[in-house]
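Working notes for the structure below.
The values are calculated or read from the model by the stated rules, or taken from the named source; none is laboratory data. Here the structure is a predicted model, which is why all the values come from computation and not from measurement. Reconstructed Cβ throughout: ideal geometry from the backbone, glycine too, with neighbour counts over all protein chains shown.
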Amino acid sequence: MRRLLLLTVLVFALPSAAQAAVPGLGSWDPVAQRMVRQSGVLPSLPSGGFGGAQRLDGTQLRDAFAMLSARLGVLPVPVPTGHVSVMGFDSLLVKQLGMTDVADAVQAEAARVGLHPGPRFGTEVVARQLGLRFNHDAAHDAQELYPWEPITRAEAAWSLATVLNFDGSQQAYARELFAQFQLPDYTHAQLAALRLAISKVGMPYIWGGETDSTGSWFGWQAHGGYDCSGLVWRVFKLGRQPAGVRIRGRTAAMMANEIPRSQRLHLDQVQAGDLVFFGPGRIWQRVTEARIVHVGIAIGNGWMINSSSQGVTIAPLFEDWRVKWFSFARRVL
């Protein structure tokens, strides 16, 4: 638990400072930019400015990882020439932190059970468990990057500054978690839903988001991506899963309120494909928007996929804080 608290403090310290400033294209993380400049990991441009909105080119990236590896006391990883995508940058950071074997194991397990994970699934899951991505607030969702877009200097600065705060316990905790990543065999219906959900790993958290692009069926979203119930909506409703006909409400609380209390499930009853709800609400209480504030989709054996501050990723259900925050589950498959 102590490691989790330390990780939480480090992950949220930089976003809080960045969001306290007036956000702007490329200038939303002044604390992180100052940290990487002062450390020499990502210095200012020859012009004197930081150029946060600019793409991080291969030469700058190679120099950044050379300096970062020196600070970590390890050898630098090979860096490709040219621009690198957000996914590529995350992969490099995971490798630089010595976590590639963990990412490979996560990738292999998802493939073994037939989830058809994309090539960056494992590294994105590990990177986001380590808190390496920044979540822009709802008013600035348009500044989010797709995982395939080139990494900008501002986004890279925030991730690099986060790593500079690591003391080794973050990697150790992630290893401890993913050592328990074992998935069950799935039914045809479970596979159909979970393959679609898994394909969205790496997409950003977007308030009201339910599609891969701007706009939606029921409103407008500033950027492609998902909020928590939007991911559920995309998988079961827009994804035309047969079980989607039983889901009518769009928010987490609406989805939770669609079943009688007698059908609510305890944590030890959760199976793959179930909707898992979180908040201060308890299994015996009346559902309100204040009591049910988050929803994910269980993928089995104590894991779920959800969209939260690190975007769409998988997460353990068995961490102490999630157990305490768990309200109940709903079977839809």
Exercise for the section: Please enumerate the residues belonging to the range 169-207 that are among the small types (Gly, Ala, Ser) and free of Cβ contacts under 8 Å to residues at least 60 places away in the same chain. Expected result: ALA179, ALA192
Practice task
With the condition kept exactly as written, say whether any residue in the range 161-183 is modelled with pLDDT of 95 or more, touching a helix residue (DSSP H, G or I) at 6+ places or on another chain (Cβ under 6 Å) and over 27 Å from GLY88 (Cβ atoms).
Solution key: no
Handout entry: Flag if THR81 is loosely packed, with under 14 Cβ neighbours inside 10 Å, in a helix (DSSP H, G or I) and not aliphatic (A, V, I, L, M)
Key = no
Exercise for the section: Identify all residues within the range 43-86 that are among the basic types (Lys, Arg) and within 17 Å of PRO150 (Cα to Cα); write none if there are none. Expected result: ARG55, ARG62
Completion exercise
Reported set for the range 239-276 where residues are under 21 Å from the mean Cα position of the chain (by Cα) and hydrophobic (A, V, I, L, M, F, W, C) is ALA252, ALA272, LEU275, VAL276
Practice task
Could you grab me the full set of residues in the range 311-332 that are outside any strand (DSSP E or B) and touching a Pro at 6+ places or on another chain (Cβ under 9 Å)?
Solution key: ARG322, TRP325
Exercise for the section: Considering (1) touching a residue at least 24 places away in the same chain (Cβ under 8 Å); (2) more than 23 Å from GLN190 (Cβ to Cβ), say which one SER213 fails and leave the rest. Expected result: (1)
Exercise for the section: May I ask you to say which residue of PHE134, PHE236 is out of contact with any strand residue (DSSP E or B) (no Cβ under 8 Å at 6 or more places or on another chain), surrounded by 22 or more Cβ atoms within 10 Å (Cβ to Cβ) and in the same structural domain as PHE277 (by TED's automatic domain parsing)? Expected result: PHE236
Exercise for the section: Just give me the residues in the range 148-179 being within 26 Å of ALA111 (Cα to Cα) and touching a strand residue (DSSP E or B) at 6+ places or on another chain (Cβ under 7 Å), in sequence order. Expected result: TRP148, GLU149, LEU177
Practice task
Name the residue, out of VAL270, VAL287, that is among the β-branched types (Val, Ile, Thr), in contact with a strand residue (DSSP E or B) (Cβ under 7 Å, 6 or more places away or on another chain) and either surrounded by 15 or more Cβ atoms within 10 Å (Cβ to Cβ) or modelled with pLDDT under 95 (or both).
Solution key: VAL270
Handout entry: Qualifying positions in the range 116-143 - more than 19 Å from ALA222 (Cα to Cα), part of a loop (DSSP other than H, G, I, E, B) and either without any contact (Cβ under 8 Å) to a residue 60 or more places away in the chain or not charged (D, E, K, R) (or both)
Key = HIS116, PRO117, GLY118, PRO119, LEU130, GLY131, LEU132
